[in-house]
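The structure appears right after this line, and notes come after that.
The values are calculated or read from the model by the stated rules, or taken from the named source; none is laboratory data. Since the model is a prediction, treat every value here as computed from it, not as a measurement. Cβ sites come from the backbone with ideal geometry, for glycine too, and all protein chains shown count toward neighbours. Surface accessibility is based on the protein's heavy atoms, side chains included, excluding ligands, DNA and RNA. Shrake-Rupley method; radii C 1.70, N 1.55, O 1.52, S 1.80 Å.
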Amino acid sequence: MRTPVPDYLQDIMESCVDDGEVASYIPELANANPNRFGIALCMDDGTVYEVGDYQHEFSLQSAAKPFAYALAVEHLGPDGVEEHVGVEPSGDAFNSASVDAKTGKPSNPMINIGAITTYALTGPISLTPEERYENVRLGMSRFAGRELEPDLPVYESEMANAWRNLSLAYLVRSTGHFTLPPHDVVDGYTKVCSLKVTPHDLAVMGMTLGNGGINPVTEERVVSEDTAQRVLSVMSTCGMYDASGDWMTDVGIPAKSGVSGGIVGVLPGQASLATFSPRLDRYGNSVRGLQAFTRLSQDLGLHIMSLPPTGESTVRSVARRDQGDGPELHVEIQGPLRFSSAERVMRTLAALPVSDEPVVLDVSRVGSADRISVRMIHESMHRLHTDGHQVMVRDPNGVLRDRWDYNWDE
Ligand code: GLU
(Lines give C-alpha, C1' and ligand atoms only; values in the text may rest on other atoms or scores of the structure.)
Protein backbone atom coordinates (compact mmCIF):
# COMPACT_ATOMS: atom_id res chain seq x y z
CA MET A 1 0.00 0.00 0.00
CA ARG A 2 1.16 3.52 -0.69
CA THR A 3 0.61 5.83 2.28
CA PRO A 4 -2.22 8.28 1.57
CA VAL A 5 -0.33 11.24 3.12
CA PRO A 6 1.25 12.59 -0.12
CA ASP A 7 -2.13 12.35 -1.90
CA TYR A 8 -3.69 14.26 0.93
CA LEU A 9 -0.99 16.94 0.77
CA GLN A 10 -1.45 17.16 -3.00
CA ASP A 11 -5.14 17.66 -2.46
CA ILE A 12 -4.44 20.46 0.04
CA MET A 13 -2.07 22.08 -2.43
CA GLU A 14 -4.62 22.02 -5.23
CA SER A 15 -7.29 23.53 -3.01
CA CYS A 16 -5.26 26.67 -2.24
CA VAL A 17 -6.10 29.79 -4.24
CA ASP A 18 -3.27 32.20 -4.89
CA ASP A 19 -3.50 35.94 -4.41
CA GLY A 20 -1.32 38.81 -3.14
CA GLU A 21 2.06 40.15 -4.24
CA VAL A 22 5.62 38.90 -4.27
CA ALA A 23 7.89 40.95 -1.94
CA SER A 24 9.73 43.58 -3.94
CA TYR A 25 11.54 45.74 -1.38
CA ILE A 26 14.42 43.32 -1.88
CA PRO A 27 14.66 43.74 -5.67
CA GLU A 28 16.02 40.25 -6.28
CA LEU A 29 13.01 38.66 -4.55
CA ALA A 30 10.71 40.29 -7.09
CA ASN A 31 12.24 37.97 -9.70
CA ALA A 32 10.90 34.88 -7.91
CA ASN A 33 8.54 32.72 -9.92
CA PRO A 34 5.28 33.45 -8.07
CA ASN A 35 3.68 30.17 -9.14
CA ARG A 36 5.99 27.92 -7.20
CA PHE A 37 4.34 26.00 -4.41
CA GLY A 38 5.79 23.25 -2.28
CA ILE A 39 4.80 21.56 0.95
CA ALA A 40 6.87 19.30 3.19
CA LEU A 41 5.73 17.55 6.33
CA CYS A 42 8.41 16.13 8.61
CA MET A 43 7.35 13.64 11.25
CA ASP A 44 9.10 13.27 14.61
CA ASP A 45 11.10 10.26 13.38
CA GLY A 46 12.47 12.16 10.38
CA THR A 47 10.08 10.77 7.77
CA VAL A 48 9.35 13.57 5.30
CA TYR A 49 6.31 13.73 3.03
CA GLU A 50 6.51 16.30 0.28
CA VAL A 51 4.63 17.56 -2.73
CA GLY A 52 4.96 20.25 -5.41
CA ASP A 53 8.14 22.33 -5.48
CA TYR A 54 9.56 20.71 -2.38
CA GLN A 55 13.03 20.64 -3.91
CA HIS A 56 13.02 24.27 -4.90
CA GLU A 57 15.51 26.41 -3.00
CA PHE A 58 14.54 29.83 -1.72
CA SER A 59 16.14 32.23 0.75
CA LEU A 60 15.03 31.74 4.34
CA GLN A 61 14.56 35.45 5.10
CA SER A 62 12.68 35.77 8.36
CA ALA A 63 12.21 32.02 8.66
CA ALA A 64 15.88 32.11 9.74
CA LYS A 65 15.02 34.10 12.85
CA PRO A 66 13.88 31.32 15.22
CA PHE A 67 17.00 29.29 14.47
CA ALA A 68 19.40 32.20 14.88
CA TYR A 69 17.60 33.05 18.12
CA ALA A 70 18.11 29.45 19.27
CA LEU A 71 21.84 29.78 18.62
CA ALA A 72 21.99 33.03 20.61
CA VAL A 73 20.11 31.45 23.53
CA GLU A 74 22.49 28.50 23.46
CA HIS A 75 25.43 30.87 23.60
CA LEU A 76 24.27 33.43 26.19
CA GLY A 77 21.52 31.55 28.00
CA PRO A 78 17.90 32.72 28.05
CA ASP A 79 18.53 35.49 30.58
CA GLY A 80 21.61 36.72 28.79
CA VAL A 81 19.62 37.14 25.58
CA GLU A 82 16.57 38.52 27.34
CA GLU A 83 18.66 41.36 28.72
CA HIS A 84 18.93 42.61 25.16
CA VAL A 85 15.91 41.22 23.27
CA GLY A 86 12.48 40.74 24.83
CA VAL A 87 9.79 38.13 24.17
CA GLU A 88 6.76 40.39 23.87
CA PRO A 89 4.69 40.58 20.69
CA SER A 90 5.05 44.04 19.20
CA GLY A 91 1.86 44.25 17.16
CA ASP A 92 3.92 46.33 14.72
CA ALA A 93 5.19 45.62 11.22
CA PHE A 94 8.26 43.41 10.83
CA ASN A 95 10.55 46.34 10.02
CA SER A 96 9.38 48.76 12.70
CA ALA A 97 11.51 50.24 15.45
CA SER A 98 9.72 48.31 18.20
CA VAL A 99 11.74 48.89 21.33
CA ASP A 100 10.94 49.30 24.99
CA ALA A 101 10.35 53.02 25.55
CA LYS A 102 12.60 53.14 28.62
CA THR A 103 15.41 50.69 27.89
CA GLY A 104 15.51 50.68 24.11
CA LYS A 105 15.40 46.87 24.15
CA PRO A 106 13.86 45.36 20.99
CA SER A 107 10.47 43.74 21.65
CA ASN A 108 11.20 40.25 20.35
CA PRO A 109 13.58 38.28 18.13
CA MET A 110 11.03 37.57 15.37
CA ILE A 111 10.95 41.12 14.01
CA ASN A 112 13.90 42.67 12.20
CA ILE A 113 15.15 44.92 14.99
CA GLY A 114 15.17 42.01 17.44
CA ALA A 115 16.66 39.56 14.95
CA ILE A 116 19.47 41.95 14.03
CA THR A 117 20.27 42.28 17.73
CA THR A 118 20.00 38.52 18.22
CA TYR A 119 22.51 37.99 15.43
CA ALA A 120 25.01 40.13 17.36
CA LEU A 121 24.52 37.83 20.37
CA THR A 122 25.19 34.55 18.57
CA GLY A 123 28.78 34.13 19.68
CA PRO A 124 31.64 35.74 21.59
CA ILE A 125 32.18 39.41 20.91
CA SER A 126 35.74 38.60 19.82
CA LEU A 127 34.58 36.82 16.62
CA THR A 128 35.42 38.54 13.35
CA PRO A 129 32.39 39.34 11.16
CA GLU A 130 33.34 36.40 8.93
CA GLU A 131 33.65 34.02 11.87
CA ARG A 132 30.30 35.13 13.30
CA TYR A 133 28.53 34.56 10.01
CA GLU A 134 30.21 31.18 9.52
CA ASN A 135 29.31 30.16 13.04
CA VAL A 136 25.64 30.94 12.42
CA ARG A 137 25.64 29.38 8.95
CA LEU A 138 27.02 26.14 10.38
CA GLY A 139 24.52 26.23 13.24
CA MET A 140 21.65 26.69 10.78
CA SER A 141 23.08 23.84 8.70
CA ARG A 142 22.94 21.53 11.72
CA PHE A 143 19.24 22.30 12.05
CA ALA A 144 18.78 21.36 8.39
CA GLY A 145 21.09 18.36 8.47
CA ARG A 146 22.99 19.56 5.42
CA GLU A 147 25.29 22.44 4.61
CA LEU A 148 23.33 25.57 3.71
CA GLU A 149 24.76 28.17 1.33
CA PRO A 150 23.80 31.82 0.83
CA ASP A 151 21.93 33.15 -2.16
CA LEU A 152 24.51 35.80 -3.03
CA PRO A 153 22.39 37.81 -5.52
CA VAL A 154 19.60 38.03 -2.91
CA TYR A 155 22.07 39.00 -0.20
CA GLU A 156 23.74 41.66 -2.36
CA SER A 157 20.43 43.01 -3.55
CA GLU A 158 19.19 43.35 0.03
CA MET A 159 22.42 44.91 1.30
CA ALA A 160 22.32 47.51 -1.46
CA ASN A 161 18.93 48.58 -0.12
CA ALA A 162 19.28 47.89 3.59
CA TRP A 163 18.75 51.47 4.78
CA ARG A 164 15.96 50.57 7.06
CA ASN A 165 17.70 47.62 8.73
CA LEU A 166 20.87 49.70 9.06
CA SER A 167 18.92 52.43 10.80
CA LEU A 168 17.38 49.85 13.15
CA ALA A 169 20.85 48.51 13.93
CA TYR A 170 22.20 51.99 14.65
CA LEU A 171 19.24 52.62 16.92
CA VAL A 172 19.99 49.48 18.97
CA ARG A 173 23.69 50.26 18.99
CA SER A 174 22.88 53.68 20.45
CA THR A 175 21.21 52.07 23.48
CA GLY A 176 24.00 49.56 23.93
CA HIS A 177 22.00 46.36 23.42
CA PHE A 178 24.86 45.28 21.24
CA THR A 179 28.26 46.82 20.84
CA LEU A 180 29.51 45.46 17.52
CA PRO A 181 29.70 47.75 14.46
CA PRO A 182 26.10 48.03 13.17
CA HIS A 183 27.08 47.64 9.52
CA ASP A 184 28.84 44.33 10.21
CA VAL A 185 25.86 43.07 12.16
CA VAL A 186 23.36 43.92 9.39
CA ASP A 187 25.68 42.44 6.79
CA GLY A 188 25.90 39.10 8.65
CA TYR A 189 22.21 39.07 9.49
CA THR A 190 21.33 39.72 5.83
CA LYS A 191 23.56 36.92 4.63
CA VAL A 192 21.95 34.53 7.09
CA CYS A 193 18.52 35.61 5.80
CA SER A 194 19.73 34.70 2.31
CA LEU A 195 20.63 31.10 3.20
CA LYS A 196 18.90 28.80 0.72
CA VAL A 197 16.60 26.02 1.85
CA THR A 198 14.01 23.77 0.26
CA PRO A 199 10.64 23.13 1.93
CA HIS A 200 12.13 19.75 2.87
CA ASP A 201 15.04 21.44 4.69
CA LEU A 202 12.76 23.87 6.43
CA ALA A 203 10.50 21.09 7.70
CA VAL A 204 13.51 19.22 9.10
CA MET A 205 14.75 22.42 10.74
CA GLY A 206 11.34 22.91 12.33
CA MET A 207 11.17 19.33 13.54
CA THR A 208 14.56 19.77 15.20
CA LEU A 209 12.91 22.39 17.40
CA GLY A 210 9.87 20.15 17.75
CA ASN A 211 12.05 17.25 18.89
CA GLY A 212 13.50 19.18 21.81
CA GLY A 213 16.56 20.26 19.83
CA ILE A 214 17.51 16.93 18.23
CA ASN A 215 17.58 16.78 14.43
CA PRO A 216 15.20 13.91 13.54
CA VAL A 217 17.27 12.86 10.52
CA THR A 218 20.89 13.18 11.68
CA GLU A 219 19.91 12.55 15.31
CA GLU A 220 22.39 15.24 16.30
CA ARG A 221 21.54 17.42 19.29
CA VAL A 222 21.63 20.95 17.90
CA VAL A 223 20.29 22.91 20.87
CA SER A 224 18.99 22.02 24.33
CA GLU A 225 15.41 21.05 25.05
CA ASP A 226 14.92 24.25 27.07
CA THR A 227 16.20 26.38 24.21
CA ALA A 228 13.90 24.64 21.71
CA GLN A 229 10.92 25.15 24.00
CA ARG A 230 11.73 28.81 24.43
CA VAL A 231 12.05 29.38 20.69
CA LEU A 232 8.72 27.67 19.99
CA SER A 233 7.06 29.79 22.66
CA VAL A 234 8.28 33.00 21.06
CA MET A 235 7.23 31.72 17.63
CA SER A 236 3.74 31.10 18.96
CA THR A 237 3.28 34.68 20.13
CA CYS A 238 5.42 36.65 17.66
CA GLY A 239 6.12 34.46 14.63
CA MET A 240 3.60 35.65 12.07
CA TYR A 241 4.27 39.38 11.98
CA ASP A 242 1.36 41.44 13.22
CA ALA A 243 -1.08 38.68 12.28
CA SER A 244 0.31 36.45 15.04
CA GLY A 245 -2.88 36.59 17.14
CA ASP A 246 -5.13 35.63 14.21
CA TRP A 247 -2.73 32.88 13.24
CA MET A 248 -2.63 31.40 16.72
CA THR A 249 -6.41 31.38 17.05
CA ASP A 250 -7.16 30.09 13.53
CA VAL A 251 -4.20 27.78 12.88
CA GLY A 252 -2.78 27.24 16.36
CA ILE A 253 0.67 26.04 15.32
CA PRO A 254 3.80 27.91 16.47
CA ALA A 255 5.23 29.20 13.21
CA LYS A 256 7.48 31.67 11.46
CA SER A 257 7.13 33.11 8.01
CA GLY A 258 9.53 34.99 5.76
CA VAL A 259 9.07 37.52 2.97
CA SER A 260 10.40 35.12 0.36
CA GLY A 261 7.21 33.06 0.90
CA GLY A 262 8.24 30.34 3.33
CA ILE A 263 6.41 29.34 6.48
CA VAL A 264 7.60 26.80 9.02
CA GLY A 265 5.22 25.53 11.69
CA VAL A 266 6.02 23.14 14.50
CA LEU A 267 3.88 20.91 16.67
CA PRO A 268 6.20 19.73 19.44
CA GLY A 269 6.65 15.99 19.51
CA GLN A 270 4.47 15.43 16.45
CA ALA A 271 5.38 17.07 13.17
CA SER A 272 6.71 20.11 11.43
CA LEU A 273 5.24 21.59 8.29
CA ALA A 274 6.94 23.87 5.78
CA THR A 275 5.30 25.62 2.86
CA PHE A 276 6.74 27.79 0.12
CA SER A 277 4.66 30.03 -2.11
CA PRO A 278 5.98 33.55 -2.82
CA ARG A 279 2.85 35.70 -3.02
CA LEU A 280 2.20 37.47 0.27
CA ASP A 281 -0.79 38.99 1.99
CA ARG A 282 -0.74 42.49 3.48
CA TYR A 283 0.97 41.24 6.64
CA GLY A 284 3.80 39.65 4.66
CA ASN A 285 2.61 36.04 5.10
CA SER A 286 2.41 33.63 2.17
CA VAL A 287 -1.21 33.52 0.95
CA ARG A 288 -1.25 29.86 -0.08
CA GLY A 289 0.95 28.89 2.86
CA LEU A 290 -1.62 30.35 5.23
CA GLN A 291 -4.43 28.46 3.47
CA ALA A 292 -2.51 25.19 3.53
CA PHE A 293 -1.73 25.54 7.24
CA THR A 294 -5.33 26.45 8.05
CA ARG A 295 -6.70 23.42 6.27
CA LEU A 296 -4.14 21.02 7.64
CA SER A 297 -4.69 22.27 11.15
CA GLN A 298 -8.45 21.85 10.86
CA ASP A 299 -8.42 18.50 9.05
CA LEU A 300 -5.79 16.87 11.20
CA GLY A 301 -6.69 18.40 14.56
CA LEU A 302 -3.29 20.07 14.84
CA HIS A 303 -4.32 23.18 16.76
CA ILE A 304 -2.09 23.26 19.79
CA MET A 305 -5.07 24.08 22.00
CA SER A 306 -7.11 21.12 20.76
CA LEU A 307 -7.80 18.49 23.40
CA PRO A 308 -5.05 15.89 23.67
CA PRO A 309 -5.99 12.26 24.43
CA THR A 310 -7.04 11.87 28.06
CA GLY A 311 -5.22 9.77 30.63
CA GLU A 312 -8.43 7.81 31.28
CA SER A 313 -7.26 4.46 29.94
CA THR A 314 -3.72 4.66 31.32
CA VAL A 315 -4.32 2.04 33.99
CA ARG A 316 -5.06 -1.11 32.03
CA SER A 317 -5.53 -3.49 34.94
CA VAL A 318 -4.98 -3.94 38.65
CA ALA A 319 -4.99 -7.57 39.77
CA ARG A 320 -3.74 -9.81 42.54
CA ARG A 321 -1.73 -12.64 41.01
CA ASP A 322 -0.04 -15.63 42.44
CA GLN A 323 2.66 -17.22 40.33
CA GLY A 324 3.74 -19.68 42.96
CA ASP A 325 5.69 -17.36 45.28
CA GLY A 326 2.65 -15.94 47.02
CA PRO A 327 0.29 -13.19 45.92
CA GLU A 328 1.49 -9.94 44.38
CA LEU A 329 -0.33 -6.85 43.26
CA HIS A 330 0.07 -6.40 39.55
CA VAL A 331 -0.59 -2.97 38.02
CA GLU A 332 -0.39 -2.71 34.27
CA ILE A 333 -0.28 0.72 32.61
CA GLN A 334 -0.24 1.77 28.97
CA GLY A 335 0.04 4.64 26.51
CA PRO A 336 2.30 7.67 26.67
CA LEU A 337 2.96 9.02 30.15
CA ARG A 338 2.74 12.71 30.89
CA PHE A 339 1.53 14.69 33.91
CA SER A 340 -2.18 13.84 33.68
CA SER A 341 -1.73 10.14 32.86
CA ALA A 342 0.96 9.73 35.53
CA GLU A 343 -1.42 11.30 38.02
CA ARG A 344 -3.90 8.46 37.29
CA VAL A 345 -1.16 5.96 37.98
CA MET A 346 -0.21 7.71 41.21
CA ARG A 347 -3.83 7.64 42.32
CA THR A 348 -4.11 3.93 41.52
CA LEU A 349 -0.93 3.11 43.41
CA ALA A 350 -2.01 5.25 46.35
CA ALA A 351 -5.27 3.27 46.58
CA LEU A 352 -3.52 -0.13 46.91
CA PRO A 353 -4.19 -1.74 50.28
CA VAL A 354 -1.45 -1.19 52.84
CA SER A 355 0.24 -4.57 53.30
CA ASP A 356 3.58 -6.20 52.69
CA GLU A 357 2.46 -7.74 49.41
CA PRO A 358 4.90 -7.13 46.57
CA VAL A 359 3.77 -4.60 43.95
CA VAL A 360 4.67 -5.11 40.31
CA LEU A 361 4.28 -2.13 37.99
CA ASP A 362 4.19 -3.34 34.42
CA VAL A 363 5.12 -0.61 31.92
CA SER A 364 5.75 -2.85 28.92
CA ARG A 365 2.88 -1.15 27.09
CA VAL A 366 4.08 2.36 27.79
CA GLY A 367 5.54 3.87 24.62
CA SER A 368 7.07 7.01 26.08
CA ALA A 369 7.29 8.92 29.32
CA ASP A 370 8.21 12.55 29.84
CA ARG A 371 10.50 13.85 32.56
CA ILE A 372 7.81 14.74 35.06
CA SER A 373 5.84 11.50 34.69
CA VAL A 374 8.98 9.48 35.42
CA ARG A 375 9.51 11.50 38.58
CA MET A 376 5.90 11.06 39.62
CA ILE A 377 5.98 7.29 39.18
CA HIS A 378 9.34 7.09 40.83
CA GLU A 379 8.01 8.96 43.87
CA SER A 380 4.94 6.71 44.12
CA MET A 381 7.01 3.55 43.96
CA HIS A 382 9.35 4.96 46.56
CA ARG A 383 6.44 5.63 48.91
CA LEU A 384 5.06 2.12 48.40
CA HIS A 385 8.49 0.82 49.29
CA THR A 386 8.58 2.98 52.42
CA ASP A 387 5.13 1.62 53.35
CA GLY A 388 6.60 -1.88 53.43
CA HIS A 389 5.90 -3.25 49.94
CA GLN A 390 8.55 -4.88 47.89
CA VAL A 391 8.33 -3.03 44.56
CA MET A 392 9.24 -4.23 41.09
CA VAL A 393 9.00 -2.60 37.69
CA ARG A 394 8.53 -4.58 34.53
CA ASP A 395 10.08 -2.39 31.86
CA PRO A 396 11.38 -4.52 28.98
CA ASN A 397 11.66 -1.50 26.66
CA GLY A 398 13.55 0.66 29.11
CA VAL A 399 11.00 3.46 28.93
CA LEU A 400 11.42 4.35 32.59
CA ARG A 401 14.64 2.55 33.33
CA ASP A 402 16.66 4.85 31.09
CA ARG A 403 15.67 7.75 33.31
CA TRP A 404 15.57 5.87 36.62
CA ASP A 405 18.26 7.00 39.02
CA TYR A 406 17.16 4.77 41.88
CA ASN A 407 17.05 1.03 42.42
CA TRP A 408 14.69 -0.78 44.68
CA ASP A 409 15.13 -4.29 45.82
CA GLU A 410 13.74 -6.05 42.78
N1 GLU B 1 15.93 39.92 5.29
C2 GLU B 1 14.61 40.44 5.42
C3 GLU B 1 14.64 41.79 6.10
O4 GLU B 1 15.42 41.97 7.01
C5 GLU B 1 13.75 39.50 6.18
C6 GLU B 1 12.39 40.05 6.41
C7 GLU B 1 11.32 39.01 6.53
O8 GLU B 1 11.39 37.94 5.95
O9 GLU B 1 10.36 39.34 7.25
O10 GLU B 1 13.92 42.69 5.74
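Miscellaneous remarks
- Test: residue in the stretch 80-87 that is within 28 Å of Val154 (Cα to Cα) and modelled with pLDDT of 95 or more: yes
- Sole exception among (1) open to solvent by 10 Å² or more (accessible area, probe 1.4 Å); (2) over 16 Å from Ser297 (Cβ atoms) for Gly261, by number: (1)
Yes or no, residue by residue, for (1) more than 20 Å from Val204 (Cα to Cα); (2) open to solvent by 60 Å² or more (accessible area, probe 1.4 Å):
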{"position": "Asp281", "(1), (2)": "yes, no"}
{"position": "Val287", "(1), (2)": "yes, no"}
{"position": "Leu296", "(1), (2)": "no, no"}
{"position": "Leu300", "(1), (2)": "no, yes"}
{"position": "Ser306", "(1), (2)": "yes, no"}
{"position": "Ala319", "(1), (2)": "yes, no"}
{"position": "Gly324", "(1), (2)": "yes, yes"}
{"position": "Val331", "(1), (2)": "yes, no"}
{"position": "Arg338", "(1), (2)": "yes, yes"}
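- Boolean, Glu50 is over 25 Å from Leu267 (Cα atoms), in contact (Cβ under 8 Å) with a residue 12 or more places away in the chain and among the acidic types (Asp, Glu): no
- From Leu202, Leu180, residue being surrounded by 17 or more Cβ atoms within 10 Å (Cβ to Cβ) and under 22 Å from Gly86 (Cα atoms): Leu180
- Exclusive hit being aliphatic (A, V, I, L, M), open to solvent by 10 Å² or more (accessible area, probe 1.4 Å) and within 16 Å of the ligand (Cβ to nearest atom), set Ala160, Ala169: Ala160
- Residue selected from the stretch 244-276 under the condition within 12 Å of the ligand (Cβ to nearest atom) and among the small types (Gly, Ala, Ser), by the criterion nearest to Gly20 (Cα to Cα): Gly261
- Of everything in the stretch 80-115 that is among the hydrophobic types (A, V, I, L, M, F, W, C) and part of a loop (DSSP other than H, G, I, E, B), the residue that is farthest from the ligand (Cβ to nearest atom) is Ala101.
- Scanning the stretch 189-199 for residues that are open to solvent by 10 Å² or more (accessible area, probe 1.4 Å) and part of a helix (DSSP H, G or I) yields Tyr189, Lys191.
- Hits in the stretch 22-67 - residues which are under 20 Å from the mean Cα position of the chain (by Cα) and within 16 Å of the ligand (Cβ to nearest atom): Ser59, Leu60, Gln61, Ser62, Ala63, Ala64, Lys65, Pro66, Phe67
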